[in-house]
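Before any comments, here is the structure.
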Amino acid sequence: MIRATLATISTLLALALPAAAADDFIAAPTLRASVTVTSDVVRIGDLIDNAGSAALIPVYRSPDLGTTGTLTVGQVLSVLRAKQVIGVMTGDIKEVQVTRLARTLASKDIETAVAATLERRFGLGEAANITVTFDRGVADMRLDASNTGALQPVATRYDARSGRFDIAFEIVNDGNPAPTKLRFTGTAIETVEVAVLTRDVDRAELLKSSDLSLERRPKAEVAGEPAARDRSIGMQLRRPMRAGTPIRVADIVKPDFVVRDQAVTIIYQVPGLYLTTRGKAIESGAEGDTVSVLNMQSKRTLTGIVTGRGQVTVQGASQSAPTAPAVEQTSSIKRDEAPAPVDTAALVRNLIQSPAPPAQVAQAQIPQVRLSQAPAKSE
């Protein structure tokens with residue numbers, strides 16, 4: 001009995017030797033309730049405080065990277081006794097949790113690293129527009145916590161025709177001169193964000209918000225500048241298009257405010273005068289377009305600018321229309337005089353009627369004069 005007691009005291013002295021050198025008392029080994037490790041083994045020094053020279057002795061295999069395992073106090077004390085470690089203070093601890101620290105490398109981080117490696121190389125554009133697909137689904141990776149370095153590409157191969165890549169990375173780690181090596185293969189394609197039709201749309205229809213969705217498509221599929229979704233709403237297509245088709249800027253136009261053979265209102269404007277009459281559109285046009293229209297009263301073809309839905313404005317000066325007496329009377333009214341009644345229909349006919357033939361105009365402007373020669377006086 002005395003021998004056993006002496007052996008126990010000797011063991012405690014050996015375990016507490018470093019602490020005793022600093023302090024005047026012997027610190028008893030104490031069990032920890034929660035343990036974190038970075039290596040693949042759990043040592044006595046990880047499990048108890050004041051382990052002394054036994055601290056580096058391995059006793060357990062560590063849990064998987066990034067996971068936590070649980071040990072009962074009885075299991076721990078049994079293993080410690082097998083290593084000649086006794087007299088451990090446990091307090092009210094019932095179990096010990098052992099967590100293995102790890103560095104988590106998210107799949108998104110790997111995808112970003114691949115895109116950044118290929119950015120502005122091999123004919124590709126910015127990394128944000130490069131879509132990466134791995135040959136094998138890459139899930140979040142857990143590496144030993146000692147891998148503290150960044151993903152550094154050391155070898156890059158890319159085929160521009162197929163979009164295939166083969167990239168090797170290295171990660172510098174603490175406590176090991178050899179870096180961790182990773183290799184990824186797959187496909188990387190440059191994409192663009194483009195508005196895509198959600199249904200079949202005819203040319204005459206106006207695009208609504210529900211008709212369009214934003215998608216990323218391979219740049220090769222969108223020949224030309226892709227159309228933004230906000231810019232496409234309220235526009236028309238140049239031709240009927242099917243659902244799922246990406247829209248380019250060249251595919252959309254302003255909506256037609258005037259359609260061919262449509263009944264329109266012709267507005268005739270001259271300084272101080274505003275007249276309207278009925279007409280028919282000879283061609284279609286959007287707001288601001290120049291179109292031809294037919295005056296239904298005079299049967300004259302006019303050229304005007306589309307200024308609204310079913311509305312074409314004809315500027316008086318551009319039509320070289322003859323000035324009617326009614327206009328002269330209207331423009332000569334003084335402010336303090338009451339205006340005389342104006343026959344609008346007559347003004348329209350006078351202002352938009354076909355001019356007289358050139359010969360008749362010449363005759364009207366230059367009257368014929370008969371000249372007679374007086375006989376010369378003889379001297």
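Between region 59-118 and region 234-306, the C-alpha centres lie 76 angstrom from each other. With a Förster radius of 45 Å applied to the beta-carbon distance between T303 and R248, the computed FRET efficiency rounds to 0.90.
Couplings for region 169-181, taken from phi via the Karplus curve 6.51 cos²θ - 1.76 cosθ + 1.60 with θ = phi - 60°, read 10, 10, 10, 6, 10, 7, x, 9, x, 8, x, 7, 10 Hz in order; Gly and Pro are left as x. Modelled spin labels at Q84 and L273, positioned 7 Å past Cα toward Cβ, are 12.3 nm from each other. I need the calculated FRET efficiency for the pair T104 and D200, taking r as the beta carbon distance and R₀ as 45 Å, to the nearest 0.05. Computed FRET efficiency for T104 and D200 comes out at 0.45.
The gain in end-to-end length when the V41 to M296 segment is fully stretched comes to 82.0 nm, 0.36 nm per residue minus the alpha carbon separation.
Our estimate of slack between N176 and Q75, defined as 0.36 nm per intervening residue step minus the Cα-Cα distance, is 33.1 nm.
All of the numbers you see were taken from the coordinates with simple rules; none came from a lab. If you're wondering where the values come from, they're calculated on a predicted model, not measured in any experiment. Glycine also receives a Cβ, built like all others from the backbone with ideal geometry; neighbour counts cover every protein chain displayed.
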